[in-house]
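Chemist: Before anything else, here's the structure in question.
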Amino acid sequence: MDHSDINEDDLDENEDDLDENEDDWDENEDDLNDSDLDADSSSENSSSSEDEEVQRSISVEAEAVITANGQFSNNLMSVITDGDPMSNTVISPISLSTILALLKTGATGVSEKELGETLHLSKDANEINEGYQELLELFQMDHPRSTKSMNSTKNRKLIVLLANRIYTDERYKLQDSFVQCAEKYYLSEIEKLDFSEPSATAAKISEWVSNSTNKKNNKHGHRRKY
């Protein structure tokens, strides 16, 4: 027997084995790619479903309020920055528009009209109230885009906190309908203080502001006169 023939036969068999292994590797690689594609597709579908869930959860009333807030925000920023597009200014228009919208519910005549025009809101009080209620509650929902989720330990890059409170002189009585509207639709608390004691009143308000902003604002109200 020729030893060279045996070695050539062995070599051919080894090459065949290598070819088969390469084929197996290609098949495994294809399986992995298919799995990755399926995983990516699942993630995209999940994200898309979450987006659709948010969109479906917003009513016509809330959409109207969001649109109005956008117009109000642009006007407000233009006034604050004096029309300078390069101005480095950070504000929270939703906080201001919310409290002004609540004020509108207790206003009449010219005051009510001017507030509505400034905020770009409709004349339908129920539509406005329900729109703000839904918008404010959206920040508290257990959803990836909500305040509760954004304030979790896993997402510390963005934190959104909304808090409104009305302070009135204890000598004046508010109408029950206004108080109920503030609590139900605007998630706002109302507290009566003795405005004849301006220092104590300012300190009380400053304490609430500080607590509501995680101690970010500790000077609010100290020098204000009531």
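The values are calculated or read from the model by the stated rules, or taken from the named source; none is laboratory data. Quick caveat, the model's predicted, so the values are computed rather than measured.
Chemist: Tally time: how many residues in the range 174-207 are among the polar types (S, T, N, Q), over 18 Å from A163 (Cα atoms) and part of a helix (DSSP H, G or I)? So that I can check it myself, show each step before the final result.
Modeler: So in the range 174-207, the residues among the polar types (S, T, N, Q) come out as 175, 177, 180, 188, 196, 199, 201, 206.
Restricting the remaining residues to those that are over 18 Å from A163 (Cα atoms) gives 175, 177, 196, 199, 201.
Filter once more, keeping what is part of a helix (DSSP H, G or I): 177, 199, 201.
The qualifying residues number 3.
Chemist: Quick check on this structure: which one of K148, K123, K104, K154 is among the basic types (K, R) and modelled with pLDDT of 90 or more?
Modeler: After ruling out the rest, the residue left standing is K104.
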